[in-house]
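Just so it is clear, none of the values below were taken in a lab; they were calculated from the coordinates. Everything quoted here is computed from the prediction, not taken from an experiment. Note that we place each Cβ from the backbone using ideal geometry, even for glycine, and neighbour counts take in every protein chain shown.
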Amino acid sequence: MNQHLELESLSCQRADAREPQGYRAALGDARASFLLTDPPYCLLTRRRKGGDLRDPRASKKIDRNPIVRFETVRDYRAFTEAWMTRAVAHLTPDATLAIWTNLLGKEPILAVARSLGFSHLRGEYVWGKRTTEKNANEQTLRVYEVALVLSRTPAPVLGLADPPTVWAVVGGYDDDGEAARWGNHPHHKPFSVLEPLVRTWSRPGDWVLDPFAGSGSMPAAVLRLGRRPACLEVEPEWAERVTRRLRETARELPAS
């Protein structure tokens, strides 16, 4: 177990990312140098031609959280502004943001980030999601997800001796079996996808903030890589599950 962290201090705050209390509980007076999070995507309300709401899609897993939908992109931008304003108040001046999003969510996230001083898009980190079906020796990528990497300052000019920045990775939804182990959350990210982001944009010992912890895949990856996770999750069951996951992950770490 990491000697710098006591098991009791490893917890996911049950809190709404738009409210201040959870951040204070998660970080105290500390500030995070990296925000790595997967907020609800900009999915719009599904309606019939007459305007009536469509029935929500039935979930295959009863323990998955419901899909969050918004009436308009403007509503999504207001939601983004509410949580991001709270979150960046708990970051260091040189902090970096890595925010997972979909096509509709990119413009609202970029606009809000710019208004808060994060005007430099360092790049888009792409996860090519591999299917489980094989055709001879080939595997297909049926979809991809993107994380926007943002900062207040432009990227430094890299020298020949500097390591290259990883901007794309290929992996399956649950290559490491962690999704199944921790409840098959629909927004799980495997460790192989998260590791390059955490290693590139934070250092060992840094605080890393995740206001939408979900299954806990991101704070668990942060912990495994020697950083200090601070996380919030609005769903009570998932907040408790993430706390258990963090403490079990800490027990599995080699002694340092």
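Quick notes on this one:
- Neighbour net charge for Thr101 - beta-carbon separation under 14 angstrom, K R +1, D E -1: -1
- Think of it as helices only: each DSSP H run of n ≥ 4 in the chain is worth -39500 (n - 2.57), and spread over all residues that comes to -9000 deg cm²/dmol at 222 nm.
- Sequence-separation-based contact order of the chain, relative, with Cα cut under 8 Å and 6+ spacing, percent: 28 percent
- In order along the stretch 176-182, the phi-based Karplus estimate (6.51 cos²θ - 1.76 cosθ + 1.60, θ = phi - 60°) of 3J(HN,Hα) comes to 9, x, 6, 4, 5, 5, 10 Hz; Gly and Pro are listed as x.
- Placing +1 on the Cβ of every Lys and Arg and -1 on the Cβ of every Asp and Glu, with nothing else charged, gives the stretch 65-222 a dipole about its Cα centre of roughly 280 debye.
- Packing-based ranking, highest mean first, of 203-212, 11-20, 160-169 given that Cβ atoms within 10 Å are counted: 203-212, 11-20, 160-169
- Counting DSSP beta bridges with both ends in the chain, the antiparallel % (nearest 5): 50 percent
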